[in-house]
Amino acid sequence: MGKKSTTTPAGSTESEGLTRLLRQHGCGSIQFTGADNTLYERHLVSDNCSDATKEEPMPDPSKQLVAVFVDRSCRQWIVRDPEGNFWTLPSVELPWEKRQPYQPTAETELEPVPGHYKDMLRLPF
Amino acid sequence: MTAEQDRLDQAREQNAPWRKWGPYLSERQWGTVREDYSEGGDAWNYFSHDQARSRAYRWGEDGLAGISDDKMRLCFALALWNGKDPILKERLFGLTNSESNHGEDVKEYYFYLDSTPTHSYMKYLYKYPQAAFPYADLVETSRRRSRQEFEYELVDTGVFNEDRYFDVFVEYAKESPEDILIQITVHNRGPEAAELHLVPTLWFRNQWSWHANPDRPVLCQLEGTPGETVAEAFDPQLGRRYLYCEGDATLLFTENETNTQRIFGVPNRTPYVKDSIHDYVVSGRQSAVNPEKRGTKMAAHYRLTVNPGQSQVVRLRLSDVAPAALASGNGAGVTPLGSRFEDVLNARRKEADEFYASITPRSLTPDQANVMRQALAGMLWSKQFYLYDVDKWLEERGSDPFKATRKAAPRNDHWHHMYNGDVISMPDKWEYPWYAAWDLAFHVLALTLVDPDFGKKQLKLMLKERYMHPNGQIPAYEWNFGDVNPPVHAWSTIFTYRLEKAQKGEGDREWLKSSFQKLLLNFTWWVNRKDRSGRNVFEGGFLGLDNIGVFDRSAPLPTGGCLEQADGTAWMALFCQNMLEIAVELASTDPDYADMALKFSEHFLWIASAMSHLGGDTGMWDEEDGFFYDVLRLPNGQAQRLKVRSMVGLLPLCAATVFEGTLMAKYPEIAERFQAFLAARPELCAAIHDPRKLGVAGRRLASILDETKLRRVLAKMLDENEFLSPYGLRSLSRYHADHPYVVHVGGQEYRVSYLPAESDTGMFGGNSNWRGPIWMPVNALIIRALLQYYGYYGNDFTVECPTGSGRQMNLYQVAEEISRRLANIFVRDSSGRRPVYGGAGKFQDDPHWRDCLLFYEYFHGDNGAGLGASHQTGWTGVVARLIHLFASLKPEQILQGGKKSVAEAGARVQGAELAPAVNTPTR
């Protein structure tokens, strides 16, 4: 499947508006992004939940989760908190209390660590 | 009554915790789905064997010859070092699925020699090379081998040449449910003296790291007495335990926590981590272990030098009795490892012999009795504590099913209702250290020979709400709980019920009723999910028979359309019969079940008829060949039988059950309704066995096959050029050796040829092959069916067996013949060889190997050599039941007593007189 169509005729007339409506509700070909949520996208388009003229990337849910990583270059635990902020944690008894702000860069390689290590690190969330 | 039987009774009637401690450690926890937190679900590579010594497990533990309590809080296992290996031997090594040319495979030699059902006595043998263990050679050589070559085994590396190895026997004996004697005997089989570091290890499973408010257990050294060293283990829930170690052993302490430096590159919070004992022993790093002598993992370090041909013994004791209590309770001078130790150990050995003598038919030869005993030992050793909280696991992966922001999980996304935390019988604790639903049904068949209570609990477990999906599906296995296994649970349930009824005079009706309710949910799931057209013809995917089809039956067909499966439909026909049996039994006292009995009578007929009638002339029965096949229904409406002569086509024969007619006699209105149903639909019975026809002793038979079809299928099944091998029934007819079945679709060739040994493709992982080899469970089902047919047809129904031999047999004799051939896989033949060991000289000839038995997953279709997983006493343990059955049963008992006589024979216990001495390997 290809990407969603972004075509919208300029200077729309009533007939052009009807054409657009028919196209919006699946009475013609509608392109979807081809992800697992394809059928859901159809609902978003058809029910005016999202603008068919705009390309809106699907939100990456993994970027909104609390997560633990390791940055091997600095040998530290890295935590992303519920607000999406990053912190480094030292290897001490109560590491969250000794956290420092951390800003990953484009070159940063963060290696995911299993979620149960949150408890090992005594994270408060 | 034997002492062991008394312990079983105490466990049932008094809740005595005899089974609390047992061999519940896995042989492999690394590389499992539970420990996999990778994005893509690459379980084999995410948590590797190399990481296992350094990385704390989340959901379980593994160890060599290990035991634990039934919640796996406290674990004990063996560790060894020969002075040459790069690592401490703490767990069994093997190749992952992608490393081996025939799928995952353990590369060790270990044997489950003995166990009683309460684990009051257990014995395990591990063969440890004195040279460096050839880890790299095994990996590299296997990588170079193709699928057309044999697997590269440990013995092939030469590491056992000149017998330079240790035989390490571990025996456990319970003085009481909480007091366990441990004796480790090390034999040097080599020509020169050799040193061995013996490192028995005690540790707590790490639960404290993974919970918000953990209770942390502790191990510490206590002051010992002359002749022993003592460690105390304390867990808030388990209480206190003591490990008494013989002699002035050095006790080493560390924490069962991840070496984060090694695994993640992050400095360790504590210097004492999971691999510290390895570091101390192998690298000599004294500072690796805690000088304060406390932690959550400890080991006793013994350095033994064993002379050639000699042995040394080390004793330990894991007990809830404190040192002070031991001394005061037993009088001055009594030690936990003193003379009483020997007395108790000898007593438990003797009681194990007595127990097995009581269940072993006296007509068996010593070798047959040894096969039976080791098969049952393997069943009992293959119990494992299995912990998997799927909801928690999904949450930890960022796939919390109830959060809007979640990642998709690579598997088991829809099984978040599951909380598994029980001791379960595993198929094979290295290759398959997870339960599989249909395997378990067969395990119970063997387990109930020694522990019917445990067998019942296993069946009930799968139906509990913590296992069974709310929609009624029974979980398949952790790789994909949503996969579809053949529905054999009901059959195992009614078998187990009848066994108990024969033993005790009455069955557990409450257990049967509650099982029936849950099985009804499962039946309805099948009917609603796997009958695509609503015409009583079933799909199901590969349904446990992996690569048996010409197409991958679990994937979209390359032709499009769908597959009407002869095996899937036959399974459902059998499921109906089993549910009918249960309903009939319950209706004998409860009229509410009479209606359900009628329901399943009718439903069976719908399904059975569909196998022959559906689609006009394209049903599953092929009149020309006299055999059943899957039917491919193409999108354009055309249909075609896929003419592969396989176990798929034999399974309809298995859907046969004989009835005594008690229901119809007790409920005349049910009989009337049934007769009216049949009279209104004469076409239903036109192509199947007519259930109105009476057989021997007025019995009725529910069967897909009428007599004509039965004879035609048996002619192929008993043909040695087709299914009948010297060692049982093949999964694919040998006909396809010279006549492969070939289909061309979309320019690609799909072929099924007879392959008697390992698979030649990677389909389904490549570690299993249903295109020829002999598989015990389906053979057992066919034997069951033959006995059912015999109970109906009697002695007058004979067939040529083998086909073309001129020798006529009744169906009892045919069943017995197949069972004999299966048992012959393991029993020494006239030349002294055991077919299971094929051409492996050491296993055939060496006195320290030849009587130690491995129960493989499946067997070569021509020569009976063992293939696949090597400790699958899971369902291969059924051979013990078959050996027992035909030594206990006589054909006239079936003719007179019907199928209950099979249960009576199965429940038979010998008198108190000991059977002939069993030939077990050197103690």
- Message: If each residue of separation counts as 0.36 nm, what is the full-extension length gain between B:T662 and B:A680 once their alpha-carbon separation is subtracted?
- Response: 4.1 nm
- How much solvent-accessible surface does B:S609 expose, in Å² to the nearest 10, with a 1.4 Å probe and all protein chains in place? 10 Å²
- How much length is gained on full extension from B:K890 to B:D6, taking 0.36 nm per residue of separation minus their Cα-Cα distance? 315.3 nm
- Message: How far apart, in nanometres, would the label points at B:E720 and A:E107 be if each is projected 7 angstrom from Cα along the Cα-to-Cβ direction?
- Response: 7.5 nm
- Task: Name the residues of the range B:396-420, by number, that are at least 50 Å² less accessible with every protein chain in place than in the isolated chain; the surface is that of heavy atoms, probe 1.4 Å, without ligands or nucleic acids.
- Result: B:E396, B:T405
- Å² of accessible area per residue within the protein assembly as shown, as computed with a 1.4 Å probe and no ligands counted: 37 Å²
- Query: How large is ³J(HN,Hα) for each residue in the range B:62-76, as worked out from phi by the Karplus curve 6.51 cos²θ - 1.76 cosθ + 1.60 (θ = phi - 60°), to whole Hz, x for Gly and Pro?
  - Reply: 9, x, 8, 6, x, 10, 7, 6, 6, 10, 6, 7, 10, 10, 10
- Got the relative contact order for the range B:425-558 handy, in percent, Cα pairs under 8 Å and 6 or more residues apart? 20 percent
- Computed lengthening from B:D163 to B:K457, 0.36 nm per intervening residue step minus Cα-Cα distance: 101.5 nm
- Roughly speaking, to the nearest percent, how much of the range B:18-118's 1.4 Å accessible area is carbon and sulfur? 44 percent
- Item | Highest-first arrangement of B:160-166, B:421-427, where packing means the average Cβ count within 10 Å | B:421-427, B:160-166
- Message: As I understand it, the dipole of chain B uses +1 on the Cβ of Lys and Arg and -1 on the Cβ of Asp and Glu, about the Cα centre. Which of B:G507, B:H739, B:S176 lies farthest toward its positive end?
- Response: B:G507
- Expressed as a percent, the accessible surface of the range B:542-685 that is carbon or sulfur, using a 1.4 Å probe and the full set of protein chains, is 53 percent
- Where the centroid of each part is defined by its Cα atoms, how far is the range B:41-119 from the range B:241-261 in Å? 18 Å
- Query: Expressed as a whole percentage, what fraction of the accessible surface of the range B:215-320 belongs to carbon and sulfur atoms when a 1.4 Å probe is rolled over the protein heavy atoms?
  - Reply: 41 percent
- For chain B, what is the convex hull (Cα atoms) projected area averaged across all directions, in square nanometres? 38.3 nm²
- Out-of-range pairs (alpha-carbon distance over 24 Å; input B:K518/B:K666; B:K504/B:K900; B:K383/B:K460; B:K174/B:K383; A:K118/B:K392): B:K518/B:K666
- Item | Neighbouring partner chain Cβ atoms per residue of B:263-270, average, 10 Å criterion | 6
- Hey, what did the range B:136-250 get for relative contact order, percent, Cα under 8 Å, at least 6 apart? 13 percent
- Over both sides of the A-B contact, add up the buried accessible area with a 1.4 Å probe and give it to the nearest 100 Å². 2100 Å²
- Query: How well do other chains shield peptide A:117-123, expressed as the mean number of their Cβ atoms within 10 Å of each residue Cβ?
  - Reply: 5
- Message: Explain nothing, just the number: dipole magnitude of the range B:81-143 about its Cα centre with +1 on each Lys and Arg Cβ and -1 on each Asp and Glu Cβ, in debye rounded to the nearest 20.
- Response: 220 debye
- Given B:N420, B:P401, B:V390, which one lies farthest toward the positive end of the charge dipole of the range B:367-460, if we put +1 on the Cβ of every Lys and Arg and -1 on the Cβ of every Asp and Glu? B:P401
- Message: For peptide A:89-102, what's the mean number of Cβ atoms from other chains within 10 Å of each residue's Cβ?
- Response: 1
- Message: Run the reach check for B:K127 against lysines, Cα to Cα strictly under 19 Å, same-chain hits fewer than 8 apart removed. What comes back?
- Response: B:K84, B:K89, B:K107, B:K429, B:K842
- Message: Averaged across orientations, what area in nm² does the convex hull of the alpha carbons in the range B:516-606 project?
- Response: 6.2 nm²
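The values are calculated or read from the model by the stated rules, or taken from the named source; none is laboratory data. Fair warning: this is a prediction, and the values are worked out from it, not measured in the lab. Here the Cβ is made from the backbone with ideal geometry for all residues, glycine too, and neighbour counts use every protein chain on show. The accessibility values were calculated without ligands, DNA or RNA, using every heavy atom of the protein model including side chains. Shrake-Rupley method; radii C 1.70, N 1.55, O 1.52, S 1.80 Å.
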